[in-house]
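K.L.:
This structure is in structure tokens; I'll ask about it shortly.
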Number of protein chains: 2
Amino acid sequence: MSESGSDDDAILRANRAFYAAMDRGDLAAMADLWSETVPVTCVHPGDAVLSGRSTVLASWKEIFAGGGTRGIRCHDATVLRQGDMALVVGYEALGGGFLAAVNAFVREGPVWKMVHHQAGPTRGAPKASAPQAPTVH
Amino acid sequence: MSESGSDDDAILRANRAFYAAMDRGDLAAMADLWSETVPVTCVHPGDAVLSGRSTVLASWKEIFAGGGTRGIRCHDATVLRQGDMALVVGYEALGGGFLAAVNAFVREGPVWKMVHHQAGPTRGAPKASAPQAPTVH
């Protein structure tokens, strides 16, 4: 497997882990996914720009307490990587509707850590019928 | 000036050029800003995920024909760079309201080219009272 393919696999693995954490409402898994070394940001649908790891994780704690992300699936995830940073752009299926989302990761040693997540309303819909499996291989 | 500071300046210069192109409705300037070497993506507020340079530029042509981005300003722009890729996260002020936005760039030679733009509704508002100047220095 090419180095690039291996990188993309690792990035998609991190992306799957992100949606698996949302599906389970697993705050510890979510905390493990986000970078501890760079300033992170997050924009939940319709929400303000959240900056800083503690603020972002507090928002996930609140969201998970409400159970609002159970059953979420990621569709049409495409990776754009340049060196040690990558974007994953795609759709999220949640509650019978879709959101458009971008997730950004940086490479930290052998793993890719989340540095930005942004999802918002969309009139679009994924092309792929099968979601990206939320399990981590 | 440190190399990092110089990089951030170049990224913010590209970000300013992006909003200046929107402010002027300048399709040629917009086309020049987007990468021609990697697959680009764009999510306009509430819209579908647009993929590919021609699709993305067609969307800007349509938006500029409607004049809907005149007067846009960028606030609270913060840069996160890792090697040859960077994110700029912030707010857009447009038509008396705000949008939350992320712009992604990759370094191509001496300049930074856009690879992703995503803006959506927000209940947030920028902290800074003065917008990032839309002019390019």
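The values are calculated or read from the model by the stated rules, or taken from the named source; none is laboratory data. Keep in mind the model is a prediction, meaning the values are calculated, not measured. As a convention, Cβ positions derive from the backbone with ideal geometry for all residues, glycine included, and neighbour counts pool all protein chains shown. Side chains are part of the model used for accessible areas, which takes the heavy atoms of the whole protein and leaves out ligands, DNA and RNA. Shrake-Rupley method; radii C 1.70, N 1.55, O 1.52, S 1.80 Å.
K.L.:
Please determine whether any residue of the stretch B:67-86 is more than 10 Å from chain A (Cβ to nearest Cβ), more than 19 Å from A:V40 (Cα to Cα), open to solvent by less than 10 Å² (accessible area, probe 1.4 Å) and part of a helix (DSSP H, G or I).
P.N.:
no
K.L.:
Among B:A10, B:A21, which is touching a helix residue (DSSP H, G or I) at 6+ places or on another chain (Cβ under 7 Å), open to solvent by less than 30 Å² (accessible area, probe 1.4 Å) and either in a helix (DSSP H, G or I) or within 14 Å of chain A (Cβ to nearest Cβ) (or both)?
P.N.:
Details: B:A10 fails: touching a helix residue (DSSP H, G or I) at 6+ places or on another chain (Cβ under 7 Å).
Testing whether each residue is touching a helix residue (DSSP H, G or I) at 6+ places or on another chain (Cβ under 7 Å), open to solvent by less than 30 Å² (accessible area, probe 1.4 Å) and either in a helix (DSSP H, G or I) or within 14 Å of chain A (Cβ to nearest Cβ) (or both) leaves just B:A21.
K.L.:
Checking A:G109 against (1) more than 8 Å from chain B (Cβ to nearest Cβ); (2) surrounded by fewer than 20 Cβ atoms within 10 Å (Cβ to Cβ); (3) closer than 24 Å to B:D84 by Cβ; (4) at pLDDT 95 or above, which single condition isn't satisfied?
P.N.:
Exception for A:G109: condition (4).
K.L.:
Going through the stretch B:57-86 one residue at a time, which ones are touching a helix residue (DSSP H, G or I) at 6+ places or on another chain (Cβ under 9 Å), under 16 Å from B:K113 (Cβ atoms) and of a type outside the set (F, W, Y)?
P.N.:
Of everything in the stretch B:57-86, those that are touching a helix residue (DSSP H, G or I) at 6+ places or on another chain (Cβ under 9 Å), under 16 Å from B:K113 (Cβ atoms) and of a type outside the set (F, W, Y) turn out to be B:L57, B:V79, B:R81, B:A86.
K.L.:
Continuing with this model, one more query. Can you tell which of A:F64, A:F98 is touching a Phe, Trp or Tyr at 6+ places or on another chain (Cβ under 6 Å) and on the phi < 0 side of the Ramachandran plot? Give the derivation first.
P.N.:
Numbers: A:F64 fails: touching a Phe, Trp or Tyr at 6+ places or on another chain (Cβ under 6 Å).
Unique residue meeting the criteria: A:F98.
K.L.:
Continuing with this model, one more query. How many residues are open to solvent by less than 50 Å² (accessible area, probe 1.4 Å), more than 16 Å from the chain's Cα centre (by Cα) and farther than 29 Å from A:G97 by Cβ when one looks only at the stretch B:34-66?
P.N.:
1
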